[in-house]
Structures are given as C-alpha cells and as structure tokens.
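Inspection log for the structure reproduced underneath, given as structure tokens.
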Amino acid sequence: MTDNKIKILSLESSGSTCGVALSENEKVLASYSVFGNNMHDKLLAEFIKRILSDLNLKVSDIDAVAVSAGPGSFTGLRIGVSIAKALCHDGTPRLIAVPTLTALANYAVNNFANEKDETITAVLPSHKNFIYYQHFDSKGKETSEIFFEESEKLLSELKDGQILVSGTELKTENIKQKCFFLIPTPELMTGLAYRYYKESKFEDAEKFLPLYVQDFVPKSNGKN
C-alpha cells in the first residue's frame, strides 16, 4: 500500500461504546457502534468481520489496528486489547494504542478550542461519583498525569481558560468554563491513530497492556 492510502481499523471498548471504524488516512470509510453495557464480548469481533466484509477487505489489507487504550472499563479494555493483539500478533498489521483521554483532548483541539491560551481537561466516567481526568495544553499535549478522583474535586479546581471535554455528564450549572459532552467512539480515534501511524508510534502486540490507572477490584455478589 502507498503512504497516502493508510487503512486503520479502530476499536473502541473503553466504556459504554462498543464500536469499530475503518479509516483511510483520516477519512472514515465505515463504522459500527452500539451503546450499552456488556456488549463488547458479543459484538466487537462481529463488527470487525462485518466491516471488513462490507468493504471487501482482509486483515492483511489493513495497515494498523488502533485500540482505545484506557483508562476506562476493565472488562471493556481487556476485551478490546485482546482482540487487537490477536489481529496484530505477528506484527502485521501494526498495533497502535490510543489513550482515551488524549483522543478526547485531540478532538477538542480540532473542533472546539480556538484560543491559544485555552487549556483542555478531558474527563471520563468511572463508577458512582468518580471520574478519570487529565489536563492538556492548547495543542493537545499532556500537561498532567491521569487523576482518579471524585468529580467534585475537579470542579473545585477549574480555572478560567479551561475547556472541559467530558465523556460523562457533569453538573454544568456549577461550571463557568466551556463544557462539551462527547462520548468516546471509534470515529473519534481515527485522526490521532493516523498521526501516530505517521510518527511510527507502534506497540509490541505481545507485551502491550491497557492503561488501567487503578487496580481492579472484583464486584461482590454479596456472598462469602
């Protein structure tokens, strides 16, 4: 394939979205997504088969597989990364990891931010009132680590000139800053995935692990 015809299969499974998109450079050719819990193990692989079939492509025709790397749902991340690693097990296609918060921030840079002094805070839901969030500069470069805190802590820290791009609905009546609600989808990943491809920012499929951020704690079923 030539450099101007880079085909990337993007997998989103970090949260309530179970989705697959096939892009050529930054142009999305096709995508399938459903929104709901506990869908990934049933539908993600099926969507991959369907999208390749619809476009008359084989896995060997794909230059890279981009996977939402987290943070997010432990189960969703594990399923998405496992499928991506299986597709890329021999190094072709190449594996690209797209951090979920970075993808949100990158989308905001290209669509919402219009002032050089504006900074971006990307937010993702976890459980109860807890969220993941990370700060970025006006070009989408990380300026902080990923935080895992109650949402009220973030709201108390906000400053003028910050744009919030959130994968969860926040109490916007308490927010003076610009706030955009944006659910992570595979289409949202494609621009960043293509940039990483051009930068040769690939992962070792055998060694790669999702960005879990916090340790996994199994849910109790109420029995001893």
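The values are calculated or read from the model by the stated rules, or taken from the named source; none is laboratory data. On a predicted model such as this, the values are computed, not experimentally measured, just so you know. As a convention, Cβ positions derive from the backbone with ideal geometry for all residues, glycine included, and neighbour counts pool all protein chains shown.
Let's see how each residue does on (1) acidic (Asp, Glu); (2) at pLDDT 90 or above:
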{"site": "Tyr133", "(1), (2)": "no, yes"}
{"site": "Lys141", "(1), (2)": "no, yes"}
{"site": "Lys153", "(1), (2)": "no, no"}
{"site": "Gln162", "(1), (2)": "no, no"}
{"site": "Glu169", "(1), (2)": "yes, no"}
{"site": "Glu173", "(1), (2)": "yes, no"}
{"site": "Lys178", "(1), (2)": "no, no"}
{"site": "Leu182", "(1), (2)": "no, no"}
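For region 198-215, how many residues meet the condition of being buried (at least 17 other Cβ atoms within 10 Å of the Cβ), assigned to a loop (DSSP other than H, G, I, E, B) and of a type in the set (D, E, K, R)?
Qualifying residue count, region 198-215: 0.
In the list Gly80, Gly36, which residue meets the criterion of being in contact (Cβ under 8 Å) with a residue 60 or more places away in the chain, among the small types (Gly, Ala, Ser) and under 22 Å from Leu104 (Cα atoms)? Please lay out each step first, then the result.
Numbers: Gly36 fails: in contact (Cβ under 8 Å) with a residue 60 or more places away in the chain.
Residue meeting the stated conditions: Gly80.
In the set Gly140, Gly161, Gly167, which member is over 28 Å from Gly36 (Cβ atoms) and buried (at least 19 other Cβ atoms within 10 Å of the Cβ)? Steps first, answer last, please.
Details: Gly161 fails: buried (at least 19 other Cβ atoms within 10 Å of the Cβ); Gly167 fails: over 28 Å from Gly36 (Cβ atoms).
Residue meeting the stated conditions: Gly140.
Which count do you get for residues in region 144-158 that are surrounded by 13 or more Cβ atoms within 10 Å (Cβ to Cβ) and hydroxyl-bearing (Ser, Thr, Tyr)?
1
Give just the number: which of (1) surrounded by 20 or more Cβ atoms within 10 Å (Cβ to Cβ); (2) more than 22 Å from Tyr197 (Cβ to Cβ); (3) not polar (S, T, N, Q) does Leu101 not satisfy?
Looking at each condition in turn, Leu101 falls short on (2).
Go through region 149-191 residue by residue and tally those that are over 21 Å from Val67 (Cβ atoms) and not in a loop (DSSP other than H, G, I, E, B).
20
Quick check on region 124-132. Is at least one of its residues charged (D, E, K, R), out of contact with any Ser or Thr (no Cβ under 9 Å at 6 or more places or on another chain) and under 28 Å from Thr75 (Cα atoms)? Spell out the reasoning first.
Of the residues in region 124-132, the ones charged (D, E, K, R) are 128.
Checking which are out of contact with any Ser or Thr (no Cβ under 9 Å at 6 or more places or on another chain) leaves us with 128.
With the extra rule that they be under 28 Å from Thr75 (Cα atoms), the set shrinks to 128.
Looking through region 124-132, at least one residue is charged (D, E, K, R), out of contact with any Ser or Thr (no Cβ under 9 Å at 6 or more places or on another chain) and under 28 Å from Thr75 (Cα atoms).
Restricted to region 42-84, and to residues that are of a type in the set (Ser, Thr, Tyr) and assigned to a helix (DSSP H, G or I), which residue is farthest from Arg94 (Cα to Cα)? Break it down stepwise before answering.
From region 42-84, those of a type in the set (Ser, Thr, Tyr) are 53, 60, 68, 73, 75, 82; that's our starting set.
Now drop any that are not assigned to a helix (DSSP H, G or I), which leaves 53, 60, 75, 82.
Details: Ser53: 20, Ser60: 11, Thr75: 23, Ser82: 14 Å.
Among residues in region 42-84 that are of a type in the set (Ser, Thr, Tyr) and assigned to a helix (DSSP H, G or I), the one farthest from Arg94 (Cα to Cα) is Thr75.
Among the residues of region 111-129, are any assigned by TED's automatic domain parsing to the domain that holds Gln177, part of a helix (DSSP H, G or I) and over 20 Å from Gln214 (Cβ atoms)?
From region 111-129, those assigned by TED's automatic domain parsing to the domain that holds Gln177 are 111-129; that's our starting set.
Retained after the next criterion (residues that are part of a helix (DSSP H, G or I)): 111.
Next, only the ones that are over 20 Å from Gln214 (Cβ atoms) stay: 111.
Yes, the conditions are met somewhere in region 111-129.
Restricting to region 130-148, name every residue that is of a type in the set (D, E, K, R) and part of a loop (DSSP other than H, G, I, E, B). Can you show your working first?
The initial filter retains those residues of region 130-148 that are of a type in the set (D, E, K, R), namely 137, 139, 141-142, 145.
Result: Asp137, Lys139, Lys141, Glu145.
Any residue at all in region 30-37 that's under 18 Å from Thr75 (Cα atoms) and surrounded by 15 or more Cβ atoms within 10 Å (Cβ to Cβ)?
Yes, that holds for at least one residue.
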